[in-house]
Amino acid sequence: MRRLLLLAFALLILAASPALAAGKLRVTITGQDHHPVVGKRWHYSVKVTNAAGKPVACRIHLEFLFGTIVVGQVGTHFVKNGFWQETFGAPGNPAFPAAARGQKLTLRATVTAKGYARARAGWWIVPR
């Protein structure tokens, strides 16, 4: 009876925390530079791979933080090849506003994929 209870408890813990059994993701954000110019184009990319370096289909949620406070939502993107890129200031994507000048911000990517633990990466910027 005691073994059955221990087994049931162990299964409950594994079911309750899928991150324990999940693989690890590697997330890399690369920006054009760390000092985008207000009103101009600025390009960045996000690369997501598994521990073996293979691309992973995933969901990438992007947002801007001021310290630890979220100050802007960039969007959520579903990618099949583990790669997302975008240019701010291009048609459909506004450039950095004048109010951002001199503010230290972080572009943060939160990545989720089936069978993997959630992962995050950031790229700091100070618009000029």
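The values are calculated or read from the model by the stated rules, or taken from the named source; none is laboratory data. Because the structure is a prediction, the values reported are computed rather than measured. Reconstructed Cβ throughout: ideal geometry from the backbone, glycine too, with neighbour counts over all protein chains shown.
With hydroxyl-bearing (Ser, Thr, Tyr), on the phi < 0 side of the Ramachandran plot and either surrounded by fewer than 14 Cβ atoms within 10 Å (Cβ to Cβ) or modelled with pLDDT under 95 (or both) as the only criterion, which of Thr49, Thr30 stands out?
None of the others qualify; the one that does is Thr30.
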Checked region 52-71 for anything part of a strand (DSSP E or B) and surrounded by 14 or more Cβ atoms within 10 Å (Cβ to Cβ); matches are Pro55, Cys58, Arg59, Ile60, His61, Leu62, Glu63, Phe64, Leu65
Filter region 72-124 down to the residues that are surrounded by 12 or more Cβ atoms within 10 Å (Cβ to Cβ), among the basic types (Lys, Arg) and within 30 Å of Ala51 (Cβ to Cβ) and list them by number.
Arg108, Arg118, Arg120
Members of region 75-99 found to be under 20 Å from Lys114 (Cα atoms) and aromatic (Phe, Trp, Tyr), listed by number
Phe78, Phe83, Trp84
Any residue in region 22-45 that is touching a Pro at 6+ places or on another chain (Cβ under 7 Å) and assigned to a strand (DSSP E or B)?
yes
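Tell me the residue from Lys104, Lys54, Lys47 that is over 29 Å from Gly23 (Cα atoms) and of a type in the set (Lys, Arg), please.
Details: Lys54 fails: over 29 Å from Gly23 (Cα atoms); Lys47 fails: over 29 Å from Gly23 (Cα atoms).
Exactly one of Lys104, Lys54, Lys47 is over 29 Å from Gly23 (Cα atoms) and of a type in the set (Lys, Arg), namely Lys104.
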